[in-house]
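Worksheet: the structure to be examined is printed underneath.
The values are calculated or read from the model by the stated rules, or taken from the named source; none is laboratory data. Because the structure is predicted, anything quoted here is derived from the model rather than measured. Ideal geometry is used to build each Cβ from the backbone, glycine not excepted, and the neighbour counts take in all protein chains shown. All accessible areas refer to the heavy atoms of the entire protein, side chains included, with ligands and DNA or RNA removed. Shrake-Rupley method; radii C 1.70, N 1.55, O 1.52, S 1.80 Å.
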Amino acid sequence: MCSGRVDLEFILRAFSNGMDGVFIGGCRLNECNYITHGNYDALNMVLLCKKIMGHIGLNPERLSIEFMSSGDGILFTEVVDDFCKKVKELGPLGKSEEIDQDELKSKLEEVRKLIPYIKIVKREKLASRLENKEEYDGFFTGDEIDKLFSEVISYHIDPAKCQACMICLRKCPVEAIAGGKNQIHVIDQDKCIKCGTCFEVCPPRFGAVNKISGEPVPAPIPEEERTIVRKSKKK
Ligand code: SF4
Ligand code: SF4
């Protein structure tokens, strides 16, 4: 498939499944047969992933991308040979980085859960075109990635403000919101991909969805306390 189809999820899934290295081969830059030039997207994704790997303590050299044409057989064998040698030198994933296997698994899982969020936050950079190699190194910085993870945004529905209009529940792309008629709505934080849609669509007169950054998300209101008693029915 086109290298532009290689998602961050595919790379991290390979590492989660125990691969010691991931190599992506793409067509030469500026020689894409289509207007999409997906190989530039692949390059940006790899640059981002390398920084994320550094953030969680993995050696970024375990990931490589190279561009070549179908006529570059010799080049292909050379770069793959070199990459395999490098990965062998690094040893099994986690061991040379001195990360315990369980810790590694949970770190990778945590990052994988945030992939949709990361792609939303970094969408402009991921869509840009780097025309020369000098730009690759500093395109994503370590500080930027540390900040990305330390300032992760979560969304929470304020039970005192929710009027159970059900708009957010209908618009959530991953069915992460539980609710119903006259029921205070609640976000399942494990399912939420942090797209921000509920925040955007909650009517301003209710303003019930809060953005939270750098603080724990309040626990969901217990199910037995979610029914909204309207004033007319209180009598
Ligand atoms: S932020 Fe997106 S995924 Fe999360 S609950 Fe809101 S609409 Fe659903
Ligand atoms: S859109 Fe706002 S008021 Fe309506 S159910 Fe969702 S959180 Fe509650």
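Think of each Lys and Arg Cβ as +1 and each Asp and Glu Cβ as -1; about the Cα centre, that makes the dipole of segment 12-65 roughly 100 debye. Rounded to the nearest 0.05, the FRET efficiency derived from the C-beta distance between residue 19 and residue 144 at R0 = 25 Å is 0.45.
Straight-line cross-link partners of residue 105 among the lysines, defined as a Cα under 16 Å from its Cα and at least 8 positions apart when in the same chain: 95, 113.
Work out the FRET efficiency for residue 55 and residue 223 from their Cβ-Cβ distance, taking R0 = 45 Å, and round it to the nearest 0.05.
0.75
Between residue 69 and residue 103, how high is the FRET efficiency from 1/(1 + (r/R0)^6) when r is the Cβ-Cβ distance and R₀ = 41 Å? Nearest 0.05.
Between residue 69 and residue 103 the formula returns 0.50.
Loop-located GluC sites (Glu not before Pro) across segment 109-139 with a Cβ neighbour count of 12 or fewer within 10 Å are 131, with loop assigned by DSSP.
For the chain, the 222 nm mean residue ellipticity estimated from helices alone, with every DSSP H stretch of n ≥ 4 adding -39500 (n - 2.57) and the total spread over all residues, rounds to -11500 deg cm²/dmol. Of the candidates 53, 45, 19, which one comes out as most mobile in a Gaussian network treatment of the chain with C-alpha springs shorter than 10 Å? Greatest mean-square fluctuation among the candidates belongs to 19.
The mean sequence separation of alpha-carbon pairs under 8 Å and at least six residues apart, normalised by the residue count of segment 1-63, gives a relative contact order of 38 percent.
Among 70, 128, 106, the largest mean-square fluctuation in a Gaussian network model of the chain (Cα springs under 10 Å) belongs to 70.
Rounded to the nearest 20 debye, the dipole magnitude of segment 42-161 is 480 debye, with +1 charges on Lys and Arg beta carbons, -1 on Asp and Glu beta carbons, and the Cα centre as origin.
Taking Cβ separations below 4.7 Å as the criterion for a possible disulfide partner, the isolated cysteines in the chain are 2, 27, 32, 49, 84, 162, 165, 172, 192, 195, 202. Cross-linked pairs 122/147; 171/231; 51/211: Cα-Cα separations exceed 18 Å for 171/231; 51/211. These residues, 156, 185, go from largest to smallest accessible area, 1.4 Å probe, as 156, 185.
Taking all Cα pairs closer than 8 Å and separated by 6 or more residues, the relative contact order of the chain comes to 18 percent. Summary value for segment 1-110: 32 percent relative contact order, contacts being C-alpha pairs under 8 angstrom separated by 6+ residues.
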